[in-house]
Amino acid sequence: MAAHTLRGLCRPRLGLLAAPFSQRAAAGTEYRSAYSLDKLYPPRRDEDRAGTTSAPEESQPAALDIPLARLTVSYCRSSGPGGQHVNKVNTKAEVRFHLASADWIPEATRQKMASMHRNKINRAGELIVNSEESRYQMRNLAICLEKIRTMVTEATETPKVVSKETTQKLIERVEKMNRERLRQKKIHSNIKQSRKADFD
């Protein structure tokens, strides 16, 4: 009797659990992990145009299209803490490309990147970017690609022209800070002098 009652209670719950999976199968959607490459590194804009058009979003600056075929990607074991996972899995990502021949970056930007990131360029002229922040290989690859985008963006930005009035205000602010620092230093020195005992 008790077993029959338990079967009756379990059947509706199993039906409720199976309903979402059947709806997903009917809709034809496929499960994708949050760490899959197409989610961490979205497809290029021309690939989006060839596929289905998405809903209009707020206007944002266009992201740099990095051709993965022009990059040399390698993986190795990460350093630092992490237990046996670090010792057994190649999670550290390293991305390199020849900066002088990277025609997907404007020439002026490439020259500025070469001067800004001299310590990341080897003798062969390859710019090397690596990441071992995450436990997941694909996420580290996405971080490397984002670092390259940041480098290109920083090299593309033109320095802001500072007016004479702003320069004068900055100079006055620094002089005021120095005067206040010296005043506080003198007050602290007087306090220490007053603590000394007079043995005369």
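The values are calculated or read from the model by the stated rules, or taken from the named source; none is laboratory data. Computed from a prediction, not measured in an experiment: that's the story for all the values here. Neighbour counts are summed over all protein chains in view; Cβ atoms, including those assigned to glycine, are modelled from backbone coordinates with ideal geometry. In case anyone asks, the SASA skips ligands and DNA or RNA and just uses the protein heavy atoms, side chains included. Shrake-Rupley method; radii C 1.70, N 1.55, O 1.52, S 1.80 Å.
Numbers for the structure displayed
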| read-out | value |
| --- | --- |
| Extended-chain gain in nm, criterion 0.36 nm per residue less alpha-carbon gap, Ala124 and Tyr136 | 1.4 nm |
| Overall form of segment 74-200 per C-alpha gyration tensor (a/c, 1.5; a/b vs b/c) | oblate |
| Neighbour net charge for Val129 - beta-carbon separation under 9 angstrom, K R +1, D E -1 | +2 |
| For segment 126-175, accessible area per residue (1.4 Å probe, heavy atoms of protein chains only), Å² | 69 |
| Computed magnitude of the charge dipole of segment 72-180 (debye, nearest 20; Cβ of K, R +1, Cβ of D, E -1) | 240 |
| Heavy-atom accessible surface of segment 63-157: percent carbon and sulfur, 1.4 Å | 49 |
| Distance in nm between pseudo-label sites at Arg70 and Asn90 (7 Å out along the Cβ direction from Cα) | 2.5 |
| For peptides 160-173, 94-107, sequence by mean Cβ density within 10 Å, most packed first | 94-107, 160-173 |
| Three-way shape label, segment 110-180, alpha-carbon gyration tensor, a/c 1.5 | prolate |
